[in-house]
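This report concerns only the one structure given below.
The values are calculated or read from the model by the stated rules, or taken from the named source; none is laboratory data. Just so we're clear, the structure is a prediction, and the values are computed from it rather than from any experiment. So basically every Cβ, Gly included, is an ideal-geometry build from the backbone, and we count neighbours across all protein chains shown.
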Amino acid sequence: MTELWPWLAIAGLGALHGLNPATGWMLVAAWGLRSGHRGQALRVLWPIGLGHLASVGLVAMLVLAGLSVSRTLLQCTVGALLLVSVAAHFWRRTPKAMRAPAGQVGMALWSFLMSSLHGAGLMVVPALLPLCAAGAGSALDSKPLLVALAALGLHGAAMLAVTGLTALGLLRGFELWHRRLARCD
């Protein structure tokens, strides 16, 4: 049972990230509302997942390499990247460019920045260390990189599942609300 707890913690943290509005379910729902199609909303989960995985993977690689991660330095760097991306967006001052939704690359970059800014990668370190540390008594100790990748995959899958379900629930609620308003007219 003690070997199962880190895995449950990693999946639970992924589900918690999926419930957090800053991790994308609002953007997934907005994408679906704008397109008028739920399938279109689910397509935006891929860039969100890739950006989140890149953020968590970066920290996991640093931990596996034995480097210490300064949360303050990481947050300041990502905050600066966020300001640069906002400035680049406002640089194009045409009204059409200002209203244009972010593309797939923009969504992946946004997800990476938000995940890094709120410390998503740092959050999984306590659960990742027992899985990847040598001498923990696991049969997978000789392959810490594979264990880390499996843990990151589990974390990302849990996050995307909860993000998608939350966004689909919100879209369904909007559809029901819109139908109810249409009946009242």
Report summary line: Checked the range 80-122 for anything surrounded by 16 or more Cβ atoms within 10 Å (Cβ to Cβ), over 18 Å from Trp25 (Cβ atoms) and either in contact with a strand residue (DSSP E or B) (Cβ under 8 Å, 6 or more places away or on another chain) or at pLDDT below 70 (or both); matches are Gly119, Gly121, Leu122
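Do we find that Ala158 is of a type in the set (A, V, I, L, M, F, W, C), surrounded by 16 or more Cβ atoms within 10 Å (Cβ to Cβ), modelled with pLDDT of 75 or more and in contact with a helix residue (DSSP H, G or I) (Cβ under 9 Å, 6 or more places away or on another chain) in this structure? Spell out the reasoning first.
Details: of a type in the set (A, V, I, L, M, F, W, C): yes; surrounded by 16 or more Cβ atoms within 10 Å (Cβ to Cβ): yes; modelled with pLDDT of 75 or more: yes; in contact with a helix residue (DSSP H, G or I) (Cβ under 9 Å, 6 or more places away or on another chain): yes.
Spelling it out, Ala158 is indeed of a type in the set (A, V, I, L, M, F, W, C), surrounded by 16 or more Cβ atoms within 10 Å (Cβ to Cβ), modelled with pLDDT of 75 or more and in contact with a helix residue (DSSP H, G or I) (Cβ under 9 Å, 6 or more places away or on another chain).
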Query raised in the report: Looking at this structure, is Leu145 modelled with pLDDT of 65 or more, under 28 Å from Met61 (Cα atoms), in a helix (DSSP H, G or I) and not polar (S, T, N, Q)?
Result: yes
Query - In the range 13-47, the residues that are touching a residue at least 40 places away in the same chain (Cβ under 8 Å), in contact with a Gly (Cβ under 8 Å, 6 or more places away or on another chain) and more than 15 Å from Met159 (Cα to Cα) - result: Arg38, Ala41
Query - Those residues of the range 43-53 which are at pLDDT 85 or above and in a helix (DSSP H, G or I), in sequence order - result: Arg43, Leu45, Trp46, Pro47, Ile48, Gly49, Leu50, Gly51
